[in-house]
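So the structure is just underneath, and the comments pick up after that.
The values are calculated or read from the model by the stated rules, or taken from the named source; none is laboratory data. Computed from a prediction, not measured in an experiment: that's the story for all the values here. Here Cβ is always computed from backbone atoms with ideal geometry, including for glycine, and neighbour counts include all displayed protein chains. Calculation scope for accessible area: heavy atoms of the full protein, side chains included, ligands and nucleic acids excluded. Shrake-Rupley method; radii C 1.70, N 1.55, O 1.52, S 1.80 Å.
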Amino acid sequence: MQTQTLERMESDVRTYSRSFPVVFTKAQNARLTDEDGREYIDFLAGAGTLNYGHNNPHIKQALVDYLASDGIVHGLDFWTAAKRDYLETLEEVILKPRGLEYKVHFPGPTGTNAVEAAIRLARVAKGRHNIVTFTNGFHGVTMGALATTGNRKFREATGGIPTQGASFLPFDGYLGEGTDTLDYFEKLLGDQSGGLDVPAAVIVETVQGEGGINVSGLEWLKRLEGICRAHDILLIVDDIQAGCGRTGKFFSFEHAGVTPDIVTNSKSLSGFGLPFAHVLMRPELDKWKPGQYNGTFRGFNLAFTTAAATLRKYWSDDSFERDVQRKGRVVADRFQKIAAWLSEQGIEASERGRGLMRGIDVGSGDIADKITAKAFENGLVIETSGQDGEVVKCLCPLTITDEDLLEGLDILEASAKQALS
């Protein structure tokens with residue numbers, strides 16, 4: 001396997017190629033193939049970017065047909081037939097059935113672009129600067145989004161420039177069971193000497209992916225929405241990793257029955273791994289002046305095409321989301337058994353998650369690394385998350401076959417036992 005050129009020329013900032021040091025050449029649904037012909041089951045799925053699997057044939061055909069027709073590929077923010085088709089499909093398949101009315105902003109194509117746009121829009125709309133965010137949250141690494149991201153590893157990589165404009169509060173469960181962390185938020189909002197500038201918005205992940213698969217309670221989310229409404233604060237849900245079906249609903253906030261003022265989506269939005277992001281906002285919040293927030297690659301027409309095909313294929317009824325929820329229960333049950341075995345070995349472990357966004361907290365990054373490294377040796381690609389990398393995280397494609405899902409879980413269980421034997 002030839003890796004010399006890659007190791008010599010690519011920046012040391014690379015991460016995934018260190019954990020999975022092979023050269024991949026092909027992929028189909030939940031399987032990756034390296035240049036030696038070895039296959040791996042993929043429980044990473046582009047860090048949640050490939051919810052519909054690698055090279056999904058239905059979505060790929062829509063892309064091939066569009067390219068063969070000489071459709072617009074790059075069009076700045078021109079009106080195009082592909083854009084119109086996507087917006088009409090989004091409205092008819094996703095928004096109207098859920099009773100949602102949003103305008104759509106296409107920023108640059110990544111999640112951090114969407115977060116940057118969302119927090120700036122909130123500031124413009126409310127005339128306030130502060131954004132409340134939560135411990136262990138991850139919202140991106142550009143300067144505005146980074147200010148709302150908790151992990152010190154990312155925050156220290158600014159060259160000494162301070163991050164500004166955000167206030168951190170404890171996420172649900174951060175202070176242990178039995179403590180509602182929103183009591184602290186309400187106390188600060190009602191205290192003139194609490195030191196909290198009244199925020200323009202609160203930004204929250206309903207399930208914190210990078211933070212360690214920390215799941216917010218549904219009642220906690222409802223209460224958070226109520227606090228925002230009572231104090232004229234916008235609620236932004238960052239659904240970049242938890243959205244597009246990952247938790248068993250298209251939007252992760254559907255489980256709680258809340259209606260955010262602003263929603264950010266990216267990762268699996270295109271359905272095919274193509275860069276694509278959007279910001280959904282209540283119509284009255286669209287305070288942008290023309291060109292006030294722009295970008296050369298806003299609204300990628302190939303991604304419009306694949307995204308529309310994805311919505312029509314998988315979200316026209318509830319059969320796909322019910323299947324995701326079923327598979328989520330399979331993973332949860334197996335993760336609970338693995339966690340129980342680990343606990344019997346003296347390693348305090350627990351399972352958590354929602355839908356097919358699940359993790360096993362093993363309490364130690366070193367232990368988690370040993371398990372995932374052994375899993376890769378055995379043919380499974382799976383990563384870790386959490387403040388110290390202590391959570392083994394499953395983000396397999398939602399379209400994974402039952403056979404591949406069960407085989408991947410078998411590999412993970414065997415790898416945990418081998419790593420700790």
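From the list 276, 304, exactly one residue is in a loop (DSSP other than H, G, I, E, B) and open to solvent by less than 20 Å² (accessible area, probe 1.4 Å). Which is it?
Only one candidate qualifies: 276.
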Is there any pair with a first residue in region 190-215 that is in contact (Cβ under 8 Å) with a residue 40 or more places away in the chain and within 14 Å of residue 231 (Cα to Cα) and a second that is among the aliphatic types (A, V, I, L, M) and in a loop (DSSP other than H, G, I, E, B) whose Cβ atoms are under 9 Å apart and which are 6 or more apart or on different chains, and what are they? 198/233; 199/233; 200/233; 201/233; 202/233
I'm checking my understanding of the structure. Among residues of region 3-16 that are within 26 Å of residue 45 (Cβ to Cβ) and open to solvent by 100 Å² or more (accessible area, probe 1.4 Å), which one is farthest from the chain's Cα centre (by Cα)? 7
Quick one: what pairs do we get from region 151-170, first residue closer than 15 Å to residue 133 by Cα and without any contact (Cβ under 8 Å) to a residue 12 or more places away in the chain, second in a loop (DSSP other than H, G, I, E, B) and open to solvent by 40 Å² or more (accessible area, probe 1.4 Å), C-beta under 9 Å, 6+ apart or different chains? 152/387
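Residue-wise test of (1) modelled with pLDDT under 95; (2) under 29 Å from residue 359 (Cα atoms); (3) in contact with a strand residue (DSSP E or B) (Cβ under 8 Å, 6 or more places away or on another chain); (4) open to solvent by 70 Å² or more (accessible area, probe 1.4 Å).
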{"position": "61", "(1), (2), (3), (4)": "no, no, no, yes"}
{"position": "107", "(1), (2), (3), (4)": "no, no, yes, no"}
{"position": "110", "(1), (2), (3), (4)": "no, yes, no, no"}
{"position": "113", "(1), (2), (3), (4)": "no, yes, no, no"}
{"position": "118", "(1), (2), (3), (4)": "no, yes, yes, no"}
{"position": "133", "(1), (2), (3), (4)": "no, yes, yes, no"}
Scanning region 233-257 residue by residue, the ones that are in a loop (DSSP other than H, G, I, E, B) and open to solvent by 10 Å² or more (accessible area, probe 1.4 Å) total 4
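Looking only at region 1-43, filter to residues that are in contact with a strand residue (DSSP E or B) (Cβ under 8 Å, 6 or more places away or on another chain) and among the charged types (D, E, K, R); which one of those is farthest from residue 158 (Cα to Cα)? Walk me through how you get there before you give the answer.
Restricting attention to region 1-43, the residues satisfying the condition of being in contact with a strand residue (DSSP E or B) (Cβ under 8 Å, 6 or more places away or on another chain) are 1, 16, 19-20, 22-35, 39-43.
Subset that is among the charged types (D, E, K, R): 26, 31, 34-35, 39, 42.
Values: 26: 36, 31: 36, 34: 35, 35: 37, 39: 38, 42: 32 Å.
Among those residues, the one meeting the criterion is 39.
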What pairs come up if the first residue lies in region 27-43 and is over 18 Å from residue 394 (Cβ atoms), the second is among the hydroxyl-bearing types (Ser, Thr, Tyr) and surrounded by 14 or more Cβ atoms within 10 Å (Cβ to Cβ), and their beta carbons are under 6 Å apart, counting only those six or more places apart or on different chains? 39/33
Scan region 163-180 residue by residue and report those that are farther than 20 Å from residue 126 by Cβ and out of contact with any Ser or Thr (no Cβ under 9 Å at 6 or more places or on another chain). 176, 177, 178, 179, 180
